[in-house]
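Asks: I'd like to ask you about the structure that follows.
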Amino acid sequence: MTKAISIIDDDPGVLDAISVLFASKGYQVAKHTSAKSFLEAPYLSGCVITDVRMPEMTGLDLLREMKAKLDPRPILILTGHGDIEMAVQAVRLGAFEFFEKPFKHDKLLETIERAESELVELSELRERIESLTQRQKETLRHLIEGLATKDIAIKLGLSPRTVEIHRAFVMSKMNAKSVADLLRTCMRLGWE
């Protein structure tokens, strides 16, 4: 699997430096001078590195838009003029990491590798959820709401034994040892 990364920065020097760094490590690199050009470009899986302060659309605005579209790609925010409030806002919006320029190349590479591992793991979790039948998904949703087997049976119009069977399949397919594991998985996937 080819590693890929999208880099967005309106400073050509920074854009070229980061691009060369990742290309030298075997990444397929897509360079963009604006968030708008990134959004209009063909989809490229992998991480996204974006500057915060750019004309037309900021990195934080891009982050909001990607999260609204449920884009699964991890986003790293770069800034030359960061502050704690901005970093907190970026993380709350779902940024994987926040870096101030100048940054250490090895730290950036390490963070991207961590983000890619998480992306693969989330993809596997999504596949597990998709392997569930509709009834198993309904059972899962009620389990993470904290409902007991008999309450799920009433809501779904099933016998408690049938719910127990669905629950066993859910636990097995999701590779979960407890309802708490299921809850953590669902939270990571953005299930409300």
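Asks: Which numbered condition trips up VAL88, out of (1) out of contact with any Pro (no Cβ under 8 Å at 6 or more places or on another chain); (2) surrounded by 12 or more Cβ atoms within 10 Å (Cβ to Cβ); (3) more than 20 Å from GLY46 (Cα to Cα)?
Replies: (2)
Asks: Taking VAL20, is it at pLDDT below 90, more than 28 Å from ARG126 (Cβ to Cβ) and of a type in the set (A, V, I, L, M, F, W, C)?
Replies: Numbers: at pLDDT below 90: no; more than 28 Å from ARG126 (Cβ to Cβ): yes; of a type in the set (A, V, I, L, M, F, W, C): yes.
Against the criterion (at pLDDT below 90, more than 28 Å from ARG126 (Cβ to Cβ) and of a type in the set (A, V, I, L, M, F, W, C)), VAL20 does not qualify.
Asks: So, ALA176, is that one of a type in the set (Gly, Ala, Ser), surrounded by 14 or more Cβ atoms within 10 Å (Cβ to Cβ), modelled with pLDDT under 95 and not assigned by TED's automatic domain parsing to the domain that holds ARG64 or not?
Replies: Values: of a type in the set (Gly, Ala, Ser): yes; surrounded by 14 or more Cβ atoms within 10 Å (Cβ to Cβ): yes; modelled with pLDDT under 95: yes; not assigned by TED's automatic domain parsing to the domain that holds ARG64: yes.
Against the criterion (of a type in the set (Gly, Ala, Ser), surrounded by 14 or more Cβ atoms within 10 Å (Cβ to Cβ), modelled with pLDDT under 95 and not assigned by TED's automatic domain parsing to the domain that holds ARG64), ALA176 qualifies.
Asks: Can you give me the ranges of the strands (runs of 3 or more DSSP E) entirely in region 1-62 with at least 3 residues that are under 19 Å from ILE112 (Cβ atoms), in contact (Cβ under 8 Å) with a residue 12 or more places away in the chain and of a type in the set (Gly, Ala, Ser)?
Replies: Working: elements: 4-8, 28-32, 47-51.
Hits in region 1-62: none.
Asks: If you go through region 103-113 one residue at a time, do you hit one that is over 18 Å from LEU15 (Cβ atoms), in contact (Cβ under 8 Å) with a residue 40 or more places away in the chain, under 17 Å from the mean Cα position of the chain (by Cα) and crowded, with 16+ Cβ neighbours inside 10 Å?
Replies: No - not one qualifying residue is present in region 103-113.
Asks: How many residues are farther than 14 Å from LEU39 by Cβ and in a loop (DSSP other than H, G, I, E, B) when one looks only at region 63-79? If you could, list the steps in order and put the result at the bottom.
Replies: Here is the first cut: in region 63-79, the residues farther than 14 Å from LEU39 by Cβ are 70, 72, 74, 76-79.
Right, trim to in a loop (DSSP other than H, G, I, E, B) and you get 70, 72, 74.
So the answer is 3.
Asks: Quickly run through region 91-114 and pick out the residues that are touching a Phe, Trp or Tyr at 6+ places or on another chain (Cβ under 7 Å) and at pLDDT 85 or above.
Replies: The first filter runs over region 91-114 and keeps only residues touching a Phe, Trp or Tyr at 6+ places or on another chain (Cβ under 7 Å), leaving 91, 108.
Result: LEU108, single match.
Asks: Among the listed residues ASP51, ASP16, ASP61, ASP9, which satisfies the condition of being within 20 Å of LEU108 (Cβ to Cβ) and either surrounded by fewer than 16 Cβ atoms within 10 Å (Cβ to Cβ) or polar (S, T, N, Q) (or both)? I'd like the intermediate steps shown before the answer.
Replies: On the way: ASP51 fails: either surrounded by fewer than 16 Cβ atoms within 10 Å (Cβ to Cβ) or polar (S, T, N, Q) (or both); ASP61 fails: within 20 Å of LEU108 (Cβ to Cβ); ASP9 fails: either surrounded by fewer than 16 Cβ atoms within 10 Å (Cβ to Cβ) or polar (S, T, N, Q) (or both).
It is ASP16.
Asks: Also: When you check PRO55 against the structure, is it over 19 Å from the mean Cα position of the chain (by Cα) and either among the aromatic types (Phe, Trp, Tyr) or not assigned by TED's automatic domain parsing to the domain that holds VAL170 (or both), yes or no?
Replies: Details: over 19 Å from the mean Cα position of the chain (by Cα): yes; either among the aromatic types (Phe, Trp, Tyr) or not assigned by TED's automatic domain parsing to the domain that holds VAL170 (or both): yes.
Answer is yes for this residue.
Asks: Taking the stated definitions as given, is SER117 closer than 25 Å to VAL52 by Cα and either modelled with pLDDT of 90 or more or under 20 Å from the mean Cα position of the chain (by Cα) (or both)? Please lay out each step first, then the result.
Replies: Values: closer than 25 Å to VAL52 by Cα: yes; either modelled with pLDDT of 90 or more or under 20 Å from the mean Cα position of the chain (by Cα) (or both): yes.
Yes: the conditions hold for SER117.
Asks: While we're looking at this one, here's another question. Looking at the structure I just gave you, is THR33 at negative phi, touching a Gly at 6+ places or on another chain (Cβ under 6 Å), among the polar types (S, T, N, Q) and surrounded by 14 or more Cβ atoms within 10 Å (Cβ to Cβ)? Full working, then the answer.
Replies: Details: at negative phi: yes; touching a Gly at 6+ places or on another chain (Cβ under 6 Å): no; among the polar types (S, T, N, Q): yes; surrounded by 14 or more Cβ atoms within 10 Å (Cβ to Cβ): yes.
So THR33 fails the test.
The values are calculated or read from the model by the stated rules, or taken from the named source; none is laboratory data. What you are looking at is a predicted structure, and each value in this text was computed from that prediction instead of being measured. Positions of Cβ are generated from backbone atoms using ideal geometry, with glycine treated the same way; all protein chains shown enter the neighbour counts.
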